[in-house]
Structure formats: structure tokens, C-alpha cells
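Reading through the C-alpha cells given below for one structure.
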Amino acid sequence: MARPPEIRITHDSQAWATAAAELVHSLGREAIRANDRFLIALSGGSTPEALYRALTSPAFADRFDWSRATFFFSDERGVTPDDPRSNYALANNTLFTPLNISPAQVYRMAGESRDPQAAAHEYEQQLRHATNTPPSTRPTLDLVLLGLGEDGHTASLFPRSPALQDNQSLIAVTQSPKDPPTRLTMTLGAINRASVILFLVTGAGKAGIVRAILDPKTEAERQLPASLVAPEEGRLIWLLDRAAAAELPTHQQRTST
Ligand code: 6PG
């Protein structure tokens, strides 16, 4: 039985970035204490940038042993790694490079591939190899970061996407209504195995969809991709700023920092 989500709400976006960085550090330390390494999947979209900048800021940069970390991606767009729309490009420019993360620690999805299905399969092999996961089981990442689209999509799992029913693959190819169309994404089977899933969501533009996911009123809302994110054994944390939490019912609206 999935645990209820932990909802953390910060007063503003600055407090949100600080809370996000502290949460990644504390979850990372827990993983390193337990397994001597930290397996983290980064989210796409623009919201993570504030987290990356906080993690590389003087307040945080030297407070964590990033040499124990292995980085994966929850999804990637069908573009080259230097394209400004690339999720890898954002992480590389605002996190890996400032922290001197070795390329050997980073597993990038080949969004630029002319054969996305082969790229998805290749990434699944890399994910299994890097996590020592035998073919019959699914890897348990320590932390999976996710964003939320206004249509209820997360990673590159869009409403009505056939990949939502895919319980065989760890990585799937999907078509996005948003540019760029072709995407590589972790499936729910890969995401829901994680020890901790952390939704990073900010801004008034997301208030309606946050309410729909965390306080659903209809079956359609319960079937939105982000609603299907439910860790099998792990924790589900939502880190929101007050603007994104504005439409939540009062009992879910207690600010934490
Ligand atoms: C992507 C994402 C996607 C993103 C949401 C929110 O590659 O587009 O993984 O799921 O997280 O669309 O995007 P913003 O953070 O830019 O609002």
C-alpha cells in the first residue's frame, strides 16, 4: 500500500530552492550511509534550474560529497546535448560543470538519436549495468526528481500516452504535444521503484493541476500521469512554493519553511 504523499510548502521561490537543495543533500547522505553511493535521476523542464543553482551556490557547493553520486535522467527531449531545450544541457551547464562532476558519473539519454527506440533500449541497458540490476528485476534508484506539466504530464509521460500502460520497459519513446515532439522517458515501472520520488513544482500556473493531482475530484484526474506516480515501497514528496499550493484544500496547505 503506497504511503500518503508528504507535502512540503515554502513561503517563496528562494525558500523553495534552499529547501530543495537541503532535501537533496539529506536524501543523498542517507543513500551514501546505506549503500556508499547515491543514485539520482534528474528531472527535465525549467523548474530544476533553481535547485541546481542552489546546489552550486557557496551555501551548498562544498557541503556534499558528489563523488559518490551517479546521475541519470527521468526523461530527455529529441534534441542534441548542446541544444538549449536539452534536459542534459541544463544540468551540464548549471550543475555538472560548476561541481566538476566527472562525465563517468553521468548517464545521458541520447535524445539526438535517429533511432529513438534503440536509444531507449540502450539507456535501459546502461541503467541496469550502472545499478547492477539483473534482467528479471527493476533498479531501485535512491531519488527520482520529477516535474509537473499543466496537463498533468510528468517526465515525458503525457495524458493518454501508450507508455503509461508499458509495464515491461524501464525506458520508453513517447510523443509530446509540446516541442520537441520525440521524447525518451522513464516509465512508471522504473519511477515507482524508487526509494524517494520528489516532485519539484513552483508557480501560480501550476496551482490548478497540483490540486487535481493531490486532491482529485474525478476519475480523469486520478488517471493523469502524475497521479499514477506512487512509489511501491518508497516515499513520495511534493515540494511546492506557496503559489503552486494555492488551490490545495486548507488541511494540505500548511507551509513548512
Ligand atoms: C520535460 C519534462 C517535463 C517537465 C514539465 C514541467 O522534459 O519537459 O521532464 O515533465 O518537468 O513539463 O516543466 P517546467 O518545469 O518547465 O514547468
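The values are calculated or read from the model by the stated rules, or taken from the named source; none is laboratory data. Note that the coordinates shown come from a computational prediction; the quantities given were computed from them, not determined experimentally. Cβ atoms come from the backbone with ideal geometry, glycine included; neighbour counts cover every protein chain shown. Each accessible area value is taken on the protein alone, full model and side chains, heavy atoms only, with ligands, DNA and RNA left out. Shrake-Rupley method; radii C 1.70, N 1.55, O 1.52, S 1.80 Å.
Within the stretch 33-47, the only residue that satisfies the criterion of being over 14 Å from the mean Cα position of the chain (by Cα), among the hydrophobic types (A, V, I, L, M, F, W, C) and not in a helix (DSSP H, G or I) is 38.
Among the candidates 176, 156, 136, 169, which residue alone is hydroxyl-bearing (Ser, Thr, Tyr) and modelled with pLDDT under 95? Every option except 136 fails the conditions.
Considering (1) on the phi < 0 side of the Ramachandran plot; (2) acidic (Asp, Glu); (3) surrounded by fewer than 22 Cβ atoms within 10 Å (Cβ to Cβ), the lone condition that residue 76 does not fulfil carries the number (3).
The lone criterion from (1) within 16 Å of the ligand (Cβ to nearest atom); (2) more than 27 Å from residue 235 (Cα to Cα); (3) outside any helix (DSSP H, G or I) left unmet by residue 58 is number (1).
Which pairs turn up if I take residues in the stretch 80-102 that are free of Cβ contacts under 8 Å to residues at least 40 places away in the same chain and open to solvent by less than 80 Å² (accessible area, probe 1.4 Å) and look for partners that are assigned to a loop (DSSP other than H, G, I, E, B) and within 13 Å of the ligand (Cβ to nearest atom) with beta carbon separation below 7 Å, at least 6 apart in sequence or on another chain? Filtered contacts from the stretch 80-102: 80/86; 86/79; 86/111; 89/83. Could you count how many residues in the stretch 97-141 are within 23 Å of residue 56 (Cβ to Cβ) and among the aliphatic types (A, V, I, L, M)? Of the residues in that region, 6 qualify. Figure legend. Inter-residue proximity from the stretch 35-50: first residues more than 10 Å from the ligand (Cβ to nearest atom), second residues among the acidic types (Asp, Glu), beta-carbon distance below 6 Å, spacing 6+ or different chains. Indicated pairs: 38/142; 39/142. Counting the residues of the stretch 171-226 that are open to solvent by less than 10 Å² (accessible area, probe 1.4 Å), assigned to a loop (DSSP other than H, G, I, E, B) and more than 12 Å from the ligand (Cβ to nearest atom) gives 2. Test residue 160 against the stated conditions and say whether it is assigned to a loop (DSSP other than H, G, I, E, B), within 16 Å of the ligand (Cβ to nearest atom) and at positive phi. Yes; evaluated as a whole, the condition is true for this residue.
Looking at the structure I just gave you, is residue 30 modelled with pLDDT of 95 or more, acidic (Asp, Glu), within 16 Å of the ligand (Cβ to nearest atom) and within 19 Å of the chain's Cα centre (by Cα)? Judged against the criteria, residue 30 is not a match. When the stretch 115-156 is filtered for residues that are β-branched (Val, Ile, Thr) and either surrounded by 15 or more Cβ atoms within 10 Å (Cβ to Cβ) or within 16 Å of the ligand (Cβ to nearest atom) (or both), the ones remaining, listed by number, are 131, 133, 140, 144, 154. Remark: residue 51 falls outside the filter, which requires a residue to be in contact with an Asp or Glu (Cβ under 9 Å, 6 or more places away or on another chain) and part of a helix (DSSP H, G or I).
Based on what the data block shows, is residue 112 surrounded by fewer than 16 Cβ atoms within 10 Å (Cβ to Cβ) and within 16 Å of the ligand (Cβ to nearest atom)? For residue 112, the condition - surrounded by fewer than 16 Cβ atoms within 10 Å (Cβ to Cβ) and within 16 Å of the ligand (Cβ to nearest atom) - is not met. Look at (1) open to solvent by 60 Å² or more (accessible area, probe 1.4 Å); (2) in contact (Cβ under 8 Å) with a residue 40 or more places away in the chain and you find that residue 229 fails only one, number (1).
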